[in-house]
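Q: Right, I'll just put the structure down here and ask away after.
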Amino acid sequence: MYFVGLGVALIIMKYLEFGPVANLSWVWVLSPFALASAWWWWADASGYTKKRAMERELARKNARIAKNRENIGTLGVAKK
């Protein structure tokens, strides 16, 4: 996401001819979008995206279980 934000900022700066970006080639201005595409391809191909999603789901599940245990009063009770 950072690459996309940087790319949008560079496009706006290039369009408004602001600062040193006005003199840059469009190839350099659009390069963050290529980097974002490469990142997304790598994250999907390596399983990084799926792993992060599974970690978020597990954290939500554990928080929900802890909240339910607290609500019914079994937070400190150990299983026998």
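Q: State whether one or more residues within the stretch 51-68 are open to solvent by less than 100 Å² (accessible area, probe 1.4 Å), not in a helix (DSSP H, G or I) and not acidic (Asp, Glu).
A: Within the stretch 51-68, none of the residues are open to solvent by less than 100 Å² (accessible area, probe 1.4 Å), not in a helix (DSSP H, G or I) and not acidic (Asp, Glu).
Q: I need the full set of residues from the stretch 30-50 which are surrounded by 11 or more Cβ atoms within 10 Å (Cβ to Cβ) and at pLDDT below 95, in order please.
A: TRP39, TRP40, TRP42, ALA43, ASP44, TYR48, THR49, LYS50
The values are calculated or read from the model by the stated rules, or taken from the named source; none is laboratory data. In this text, all values refer to a predicted model and were calculated from it rather than measured experimentally. Counting neighbours? That spans all protein chains shown, and the Cβs are built from the backbone with ideal geometry, glycine included. Heavy atoms of the whole protein, side chains included, go into the accessibility calculation; ligands, DNA and RNA do not. Shrake-Rupley method; radii C 1.70, N 1.55, O 1.52, S 1.80 Å.
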